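Here is the structure we will look at, set down as structure tokens.
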Amino acid sequence: GAGASGQSLRWDSSSLAGSGARLLSYGRRPNGQQRISSSRLTVNAVGDIISRFERKGFALKGLKLFQTPQDLAEEHYSELKERPFFPALVKYIVSGPVVWEGPGVVASARKLIGATNPLNAEPGTIRGDFAIVSGRNVVHGSDSPANGEREIALWFKEGELVDWEPTVLPWVLE
Ligand code: ADP
């Protein structure tokens, strides 16, 4: 019911309040929540893409629009630096990061986003609906909770994520 168990899944705002260092730490999120970074929202559909995560029930915790420095883009994708498309990929990461928080957000976001190659992405996914080539596949999604935290720490400074609790949360989480 909406009693004790409902309460236990609500944000523990005391553990987040004023603790930027904690927000950027790699530790487990309170109550099993995860966070991801989703950057590269450079398409004429930014509102539509953000809306898909919102209507799913994830909480928007951070969003910045700025010209991404090359060294930040290179660090973000450092695991791919030997790949032939790396220089083009770095140039493509030009817009800024978005942070989403919620239970299971890593795996769920990858389903919302769709396959890396947009030609293989199901219709209804972001890449399935908005893209046709891998080198312009519209959005990024962190591939693990640890990578989500690593990326958030790269893109956001202390105090830049918003500590808030969606009022609909009791209707989204049991
Ligand atoms: P994903 O973003 O689906 O997690 P990867 O982490 O493997 O995929 O790759 C990161 C990004 O590099 C992709 O989103 C895509 O923009 C780009 N990329 C991956 N493979 C290719 C490719 N074969 N050609 C061009 N760009 C690619």
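The values are calculated or read from the model by the stated rules, or taken from the named source; none is laboratory data. Small disclaimer: the values here were computed from a predicted structure and weren't measured. Methodologically, a virtual Cβ is constructed for each residue, glycine included, from the backbone with ideal geometry; neighbour enumeration extends over all protein chains shown. Ligands, DNA and RNA are excluded from the accessible area calculation, which covers all protein heavy atoms including side chains. Shrake-Rupley method; radii C 1.70, N 1.55, O 1.52, S 1.80 Å.
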Residue span residue 51 to residue 162: 0.36 nm per residue of separation minus Cα-Cα distance leaves a gain in nm of 38.2 nm
Of every hundred units of 1.4 Å-probe accessible area on the range 54-174, the number belonging to carbon and sulfur atoms, as a percent, is 56
Protection proxy (average C-beta count within 10 Å per residue), highest first, orders 93-99, 50-56, 79-85, 103-109 as 93-99, 103-109, 50-56, 79-85
Residue separation between residue 85 and residue 172 times 0.36 nm, minus their alpha-carbon distance, gives in nm 27.4 nm
Checked the range 49-155 with the C-alpha gyration tensor, a ≥ b ≥ c its square-rooted eigenvalues, rounded below a/c of 1.5, otherwise prolate if a/b is larger than b/c and oblate if not; verdict oblate
Heads up, the range 58-119 by the C-alpha gyration tensor (a ≥ b ≥ c square roots of eigenvalues; a/c under 1.5 rounded, else a/b over b/c prolate, else oblate) looks oblate
Taking a probe of 1.4 Å and leaving out DNA, RNA and ligands, the range 57-174 shows per residue an accessible area in Å² of 54
For residue 116 the rounded accessible area (nearest 10 Å², probe 1.4 Å, non-protein molecules ignored) is 80
